[in-house]
Amino acid sequence: MRFLAKKILGLRVETQTKKYLGQIFNFVVDVENQSIISYEVKKSFSKKELIISSSQIISFEKDKMIVKDNVVDLLVQTKIASMKKNEALTPTL
């Protein structure tokens, strides 16, 4: 299956278990290999972005991209690590 860039941008993204992650708003191309290496996803009106690598994609359908469920788990782990790092940097009085 082939998609034009205008079909990729705005494409719905969900996990295997149908959890809605957002829509593709950007993607990164490896020019040397002529392939997309990652997709940037976010929900409407949200500042939070999720970067999905090509290895995390299960399939493309006409109206959505389906990714592995562990994408959500990795996002949670990243948030927890970030919170711990911020706590470590916060001075205690």
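Just so it is clear, none of the values below were taken in a lab; they were calculated from the coordinates. Predicted model, so just to flag it, every value in this text is computed and none were measured. With ideal geometry, Cβ positions are generated from the backbone for all residues, glycine too; neighbour counts draw on all protein chains shown.
If you take all other residues with their beta carbon under 10 Å from the beta carbon of N26, and give Lys and Arg +1 and Asp and Glu -1, the sum is -1. Cα gyration tensor of the stretch 1-77, axes a ≥ b ≥ c as square roots of the eigenvalues: rounded (a/c below 1.5), prolate (a/b > b/c) or oblate? It is rounded, given that a/c, with a ≥ b ≥ c, falls under 1.5. In plain terms, the chain from F60 to S35 could stretch by 7.5 nm, reckoned as 0.36 nm per residue minus the Cα-Cα distance. Taking 19 Å as the limit for the C-alpha separation, the pairs K7/K68; K7/K64; K47/K68; K19/K68 exceed it in the case of K7/K68; K47/K68.
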